[in-house]
Each structure stands twice: as C-alpha cells, then as structure tokens.
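Asker: Pasting a structure here, questions to come.
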Amino acid sequence: MANRLSGQTSPYLRQHQDNPVDWWPWSPQAFDEARARGVPVLLSVGYSACHWCHVMAHESFEDPAIAAVMNELFVNIKVDREERPDVDAVYMDATQAMTGHGGWPMTVFMTPEGEPFYCGTYFPPRDSRGMPGFERVLRGVGEAWATRREELTSVGTDIVRRLSTRVVRPASANVAAQTLDAAALDSGAGSLQKSYDAVRGGFGGAPKFPQPMALEFLLRHHARTGAAGPLEIVAGTCERMARGGIYDQLAGGFARYSVDAEWVVPHFEKMLYDNALLARVYAHLWRTSGSALAARIAVDTCDFLVEALGTAEGGFASALDADSEGVEGKFYAWTPEQLIDVLGPDDGSWAADFYTVERAGNFEHGASVLQRLAEPDDFERLSRVRAQLRAARAQRVPPGRDDKVVAAWNGLAIAALAETGRLFDRPDFVSAAVAAADLLVRLHLVEGRLRRVSLAGEVGEPAGVLEDYGDVAEGLLALYSATGDARWVGIAGDLLDVVLEHFPAGSGGFYDTADDAETLAFRPRDPSDNVTPAGSSAVAGAMLSYAALTGSARHRNTAEAALAVVAPIVSGHAQFSGWAAAVGEALLAGPAEVAVVGAASDTGPMERAARQSNSPGLVLAVGRPGEANGVPLLEGRPAVDGRATAYLCRHFVCAAPTTDPAELSAALRVWE
C-alpha cells in the first residue's frame, strides 16, 4: 500500500509513496506522533533531480529490512527542499554546523520538538568506503535515544540556540554605517577576477558551476567602469560553457554543473532557475558585445525553457532529472557507432569529429558528451545533422521531469523570457511569460499571499517565502516593461507590500519566512546568494525597479538598506553575493528611468535604444501621451512635436526630453 506521501503536491515526495518506510510529510501531526510514541524524528531532505537522493532511496528506503528499523525506532519525515526551502535552510545550517559540510540527500535526527542532535548527508546501506552504513547509524541513534535521551535533547537545544543567535545577528555590528558603494563593488569584482580560470573560464576548479549571478554582476560592473577585465571574464566563461558538454548541443539548456574544470562532463540535471538566469546573462552579453554566440545561446535557452519545461497550465516545471533508465547521462551520451547508425558513415564520421566523439569517450562506457568547440564550415550540414540526432535521441527513454511549478523560479523565467523576447523580436517568448504570470496570479496568489508550489493546476499548502515574493515581483516588473500592461506593476506593488509588512528583520534586513508562517526551530535568514538570488537580494532588486517606476522613496530606501546588510559579503565574497552586487550596480547607475511616449507605430526606435542599453537595472515604461495608466513614470510626459519622445530620469530627476534615439543611447552611457 502507498504511504502518506501519495497525495502530496511534490513529485519528489510521490516518488517515495511506495517505499516500505512509513513516511510522513512535514506536518504538526508527524511531530505529535513522535511525542506520543516517545521516539525521535528522522528527517530526510532531497529533491527530484538529485542523483544521490535516488541512490539512497533505492539502496535504503526501498530495502524492507532497513525500512523496518526506521519504522520501529523513528517517525520518518520526507521533505522536498524545493517545496520547503525554509525547512531545508534550518536543518542545512544545523548539518553544516555539526559536520562541517552539507548537501543532499540530507539526513537529520531530531527531538520531537524539532531540535537536531545528529546530522549527515548520504549514508550507504552498509559500511562502505569509510562511511558507516545507514542501518548501523539508525540502530546507534536509536540506542543513544533510549539510554542518553537527556544528553541528546541538550545537544539539540544548544544547536538551536547557537544557530538562532547566528542567524539573526546583523552582518556587521554597525549596519547603519554600511553602504554598498563603489568601493565595495570594485572589491567584489576584484575578488572574482582573482578566482577566474583564465584558461578554461569560470571560477575555481572542479566541480565547476556556471554562477550566472556573478556573471551578471560583472557585466554591470563593466558597464559602469568601462574596465575590460570583467567583460573578458564573462565572454570567456560564457563561450567555454556554450561550447562544452554542460550545454545540450542538440536541444539547448544548461546542466546543473560540470564535474570537471573544462565544462566537458556535466551532472546532467537541468534546473529551471539555472537556465532562466543564464538566458538573461547571454542576452545581456549580446547586448554589450554583439556576440553572435551569445545571441544564439540566449534564444536557444529560452526555446528550451518553453519546449522542455513548459507545463500545460502555462507555468514552467522545476527540473529534468540527471538519470534515465537508472543511469546518469544515458539520454545525452553518444558513441561513434551510434552516430553512424543514425547519420550514415559520411555524416556520422563528420559529426563524431565535429562534436568530439572519440572511440575512448569522454564519459562512461566509451560514450561521449557532445561538445561544439568551434563553428562549422558548413552550417547547413550541421543543421541537418543536429535535427537528425535530436530526433533519434527523442526515441530514447527521457529523464524524468519534476512538474511542480515553483513561484520564485517561474518569476525568474518570466523575467528572462520577457526581456529576451523583446531583445530578439520573439513575441512567443513574451506570450509564454504572460501565460506564466497569469498562472501565478490566478493559482498561486491566494487571499493576497503567495503559495510556493503547484502541480497540474492544484496549488500546494506551503506558503511563499521571501524569494518567491522578490523573484515574482521582479518578473512582473520586467513583464510590464516588455508589454506595457500596467496591471503587472500593481500586482508587483501588492507583493512588495506583503514583504514590507511581514518579512522585515530590523537593521535593514529580511527574514526568509513571514512573521505569521509556521514556527520552525528558528526563523531562517540568509542574505547570501546561492544557486538562486537570496530572498533579500531579489526583494532589493524588485524594490529598486518599483521605486524607479513609481517614485516611491520608501521602496528605494528599503532596497538601499537591504543591500547595506550584505555589503561586507559583496566586498570580500562576491561569488556568494552576485545578485546583491548586480542590484548594487543598478543602484549606483540610478537606475536609469526611461519613459517613452508616442503613437504605437512610432515608438519602436526609441524603445530599441533603451532596451539595447546596458545601463544596469534600466527601467522602461512605454505609453501613449496622456495615458499613464497608473504608472507615475509616464505621468505628465507629452510627445514633443507629436513625435515619439523619451524622458530619461535618475534619482527622480529628469533630463530634457529627446526625440532622437541616438541621443537617448548616448545619454544612457553616462550616469556618473
């Protein structure tokens, strides 16, 4: 019989519904059960695209003997970290504090009050490679609980006390004196320069992650300073990634990271958030440098978002798994023989040479991950070969897809599609962004508050966290600039009002959960960017854009205060604060506020001048003369001599209007 996970919103939880483990979803009832039985709680946290999560599930959670021990000694709770990032954050802090490292699957033993006393990550079923077997760990913890319960409870209480103190402590003893200024941003860019791999692109060694937020910061830093180094880092990294195996050379889309330092062999899971963030980086790189490669990757990545991750309801699914048929990367890898079977001897040999598919292979079992190390001599031939290989690959068993719609990540996708659609004249991308925004407003916005996830048109119970509000507001404001539909500004403002009321932490910062959210062991607050923008960074960016459109000093001041909290991280550790630094560059640049008014048939050249500017964080409002539609930036903006007219403002101060797109472009290149 299926266990309690069978009716859950999360596809990851449903994957465990037939385990012999008596799983509970995260709920007060599970902790009540632990108190009633007088046993500890075993918390297992993972996510659908996590390879080692599946390994541990197969080895241990599907093993009747191990499951019997789990059921006898513990109340077992399964959590999808993507659905409950608040729960994940609390217990990942504990895991890192107790073990010195973290990761998924995460395994936490805690009291019935939710206080962790023993933590780990992956455990093999039996003792192996110096790691204790999971069954031995289970019995050991069970024995310790039976004989030393008071000691374990004391450990849990102490861990929670120490982490609570650390989490709420401001980033500096004197937050009011901090500011995310030019010196801090210059220092942050310098720290990235030092860790840049000038030979292979990216930062550091293996495993190597794309780090799109750091790249976006460097693009904006180049725009402000004119320094060549930041642009060289972005261009070099983006080219190496686009030509390597981390990028799907047949269907587009980036894998999560490369297991090597050369971007050759990826960990094959594909995440919505990575691809949304990277699409914007490549679009902005094209806007800055004119790179044809960047243009191709930006467009192809957005095509991937729509084609591979689009859901029937109009949103975007969370991820594609790394595995198919239980083998990581099987769907993506090729041998020379397989290429010849599909393409014939001539095209097959040509494809093997072009995509670097050698007999020894660069992956497992003599297979290779396709690379595109140079441009072809014959683009028509490549187009034909690529289409044939993609069609043949479509006959393979595909990786699983996590179909849940996460509000924050859909906000990132909305921004990417809206902006890329306008830059590259792809109205279908803008339409996809509108459909996703409609879904979030229709389904995820419940009584004025965001819900984090939905599946197949059914919204889940977990409340939206700070990143949901920040990323969705950011996406809606980008969608306004792409469409001119003012309702998106109003909804974004409503979301930011919720943030102002329910998330402040004092000293300019924010908690990651609302003040009326479920009470956890402690209230998480992490200002550093990880694989996605920190909630506080996302909110700061949205607040700044909203202030530029509406003239709200309150929202601008809130953005400045939130960035001040993270200033020390930007200055010394920009890899962990890329989005905060990018928003900081927008703050220094104004950001530029551009209002374009005129007849719909006349504003195109002026709009293009604004959209193609790399002025950090530029906000664009387009309308008809005398029709502000509730957007203050458009109020009182007549068309000069009946011609399309642009008004450029910064810090709520405006320059003289212009009817010359070239003059607008030139003005946008100067802001200091």
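Asker: I'd like to verify a number: residues in segment 111-134 that are on the phi > 0 side of the Ramachandran plot and open to solvent by 10 Å² or more (accessible area, probe 1.4 Å), how many?
Answerer: Residues flagged as on the phi > 0 side of the Ramachandran plot and open to solvent by 10 Å² or more (accessible area, probe 1.4 Å) within segment 111-134 amount to 2.
Asker: For segment 287-318, name all the residues that are on the phi > 0 side of the Ramachandran plot and either touching a residue at least 60 places away in the same chain (Cβ under 8 Å) or assigned to a helix (DSSP H, G or I) (or both).
Answerer: Gly314
Asker: Consider segment 129-167. How many of its residues are among the hydroxyl-bearing types (Ser, Thr, Tyr) and within 34 Å of the chain's Cα centre (by Cα)?
Answerer: Residues that pass the stated criteria total 3.
Asker: Then there is this: Of all the residues that make up segment 402-423, how many are open to solvent by 50 Å² or more (accessible area, probe 1.4 Å) and either without any contact (Cβ under 8 Å) to a residue 12 or more places away in the chain or closer than 14 Å to Val306 by Cα (or both)?
Answerer: 1
Asker: Still on this structure, please answer the following. Can you find, within segment 78-110, the residue that is modelled with the lowest pLDDT among those that are β-branched (Val, Ile, Thr) and closer than 20 Å to Ala144 by Cα?
Answerer: Thr99
Asker: Another one. Just to check your reading of the model, which residue among Asp248, Asp323 is modelled with pLDDT under 95, farther than 19 Å from Trp409 by Cα and open to solvent by 10 Å² or more (accessible area, probe 1.4 Å)?
Answerer: After ruling out the rest, the residue left standing is Asp323.
Asker: Okay, moving on. Taking Gly290 as meeting all but one of (1) surrounded by fewer than 19 Cβ atoms within 10 Å (Cβ to Cβ); (2) within 22 Å of Arg396 (Cβ to Cβ); (3) at pLDDT 95 or above, write down the number of the exception.
Answerer: Every listed condition holds for Gly290 apart from (2).
Asker: Tell me, yes or no, whether segment 535-552 has at least one residue that is open to solvent by 10 Å² or more (accessible area, probe 1.4 Å) and of a type in the set (Phe, Trp, Tyr).
Answerer: Yes, segment 535-552 contains a residue that is open to solvent by 10 Å² or more (accessible area, probe 1.4 Å) and of a type in the set (Phe, Trp, Tyr).
Asker: Go through segment 629-651 and count every residue that is part of a loop (DSSP other than H, G, I, E, B), out of contact with any strand residue (DSSP E or B) (no Cβ under 8 Å at 6 or more places or on another chain) and under 20 Å from Pro591 (Cβ atoms).
Answerer: Matching residues across segment 629-651 total 2.
Asker: Would you call Leu618 of a type outside the set (Asp, Glu) and open to solvent by less than 40 Å² (accessible area, probe 1.4 Å)?
Answerer: Against the criterion (of a type outside the set (Asp, Glu) and open to solvent by less than 40 Å² (accessible area, probe 1.4 Å)), Leu618 does not qualify.
Asker: If you don't mind, another one. Of the conditions (1) under 24 Å from the mean Cα position of the chain (by Cα); (2) open to solvent by less than 30 Å² (accessible area, probe 1.4 Å); (3) not polar (S, T, N, Q), Ala89 satisfies every one except a single condition; which number is it?
Answerer: It fails just one condition, (2).
Asker: Could you count how many residues in segment 659-672 are open to solvent by 60 Å² or more (accessible area, probe 1.4 Å), assigned to a loop (DSSP other than H, G, I, E, B) and more than 22 Å from Arg556 (Cβ to Cβ)?
Answerer: Result for segment 659-672: 2.
Here's the yes/no breakdown for (1) farther than 24 Å from Arg149 by Cα; (2) open to solvent by 10 Å² or more (accessible area, probe 1.4 Å); (3) free of Cβ contacts under 8 Å to residues at least 40 places away in the same chain; (4) not acidic (Asp, Glu):
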position	(1), (2), (3), (4)
Pro25	yes, yes, no, yes
Pro28	no, yes, yes, yes
Val55	yes, yes, no, yes
Glu59	yes, yes, no, no
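Asker: Let me ask another. Which of the numbered conditions does Ala276 fail, given that it passes all the others? Conditions: (1) buried (at least 24 other Cβ atoms within 10 Å of the Cβ); (2) on the phi > 0 side of the Ramachandran plot.
Answerer: Just one mismatch for Ala276, condition (2).
Asker: Quick check, is Glu607 in contact with a helix residue (DSSP H, G or I) (Cβ under 9 Å, 6 or more places away or on another chain), at pLDDT 95 or above, open to solvent by less than 10 Å² (accessible area, probe 1.4 Å) and charged (D, E, K, R)?
Answerer: Taking the combined requirement at face value, the residue does not satisfy it.
Asker: Quick one: Ala435 ticks every box in (1) closer than 10 Å to Val405 by Cα; (2) open to solvent by 10 Å² or more (accessible area, probe 1.4 Å); (3) out of contact with any Leu (no Cβ under 7 Å at 6 or more places or on another chain) bar one, so which box is it?
Answerer: The failed condition is (1).
Asker: I would also like to ask the following. Take the residues in segment 92-110 that are β-branched (Val, Ile, Thr) and in a helix (DSSP H, G or I), then tell me which one is surrounded by the most Cβ atoms within 10 Å (Cβ to Cβ).
Answerer: Within segment 92-110, the match that is surrounded by the most Cβ atoms within 10 Å (Cβ to Cβ) is Thr95.
Asker: From (1) assigned to a loop (DSSP other than H, G, I, E, B); (2) modelled with pLDDT under 95; (3) under 27 Å from Arg37 (Cα atoms), pick out the condition that doesn't hold for Glu113.
Answerer: So the condition that Glu113 fails would be (2).
Asker: Shifting gears a bit: Any idea which of Val596, Val565, Val570 is under 20 Å from the mean Cα position of the chain (by Cα), surrounded by 24 or more Cβ atoms within 10 Å (Cβ to Cβ) and β-branched (Val, Ile, Thr)?
Answerer: Val570
Asker: Given the condition under 24 Å from Leu520 (Cα atoms) and of a type in the set (Gly, Ala, Ser), answer yes or no: does some residue in segment 475-491 qualify?
Answerer: No; the residues of segment 475-491 include none that is under 24 Å from Leu520 (Cα atoms) and of a type in the set (Gly, Ala, Ser).
Asker: Okay, next question. May I ask you to list the residues in segment 474-508 that are open to solvent by less than 10 Å² (accessible area, probe 1.4 Å) and outside any helix (DSSP H, G or I)?
Answerer: Phe503
Asker: Being of a type in the set (Lys, Arg) and in contact (Cβ under 8 Å) with a residue 24 or more places away in the chain, is that true of even one residue in segment 437-447?
Answerer: no
Asker: Still on this model: From the set of residues in segment 309-320 that are among the hydrophobic types (A, V, I, L, M, F, W, C) and crowded, with 20+ Cβ neighbours inside 10 Å, which is farthest from Val430 (Cα to Cα)?
Answerer: Leu320
Asker: Return the only residue of Arg14, Arg4 being farther than 18 Å from Asp321 by Cβ and among the charged types (D, E, K, R).
Answerer: Among Arg14, Arg4, only Arg4 is farther than 18 Å from Asp321 by Cβ and among the charged types (D, E, K, R).
Asker: From the set of residues in segment 354-389 that are closer than 20 Å to Asp300 by Cα and among the polar types (S, T, N, Q), which is surrounded by the fewest Cβ atoms within 10 Å (Cβ to Cβ)?
Answerer: Ser383
Asker: Among the numbered criteria (1) of a type in the set (Gly, Ala, Ser); (2) surrounded by fewer than 15 Cβ atoms within 10 Å (Cβ to Cβ); (3) closer than 19 Å to Asp485 by Cβ, which one does Ala656 miss?
Answerer: All conditions pass for Ala656, except number (3).
The values are calculated or read from the model by the stated rules, or taken from the named source; none is laboratory data. Nothing here was measured: the structure is a model prediction, and the numbers come from that model. A quick note on method: Cβ atoms are made from the backbone with ideal geometry, for glycine too, and the neighbour counts reach across all protein chains shown. Protein only, heavy atoms only, side chains kept; ligands, DNA and RNA dropped before computing areas. Shrake-Rupley method; radii C 1.70, N 1.55, O 1.52, S 1.80 Å.
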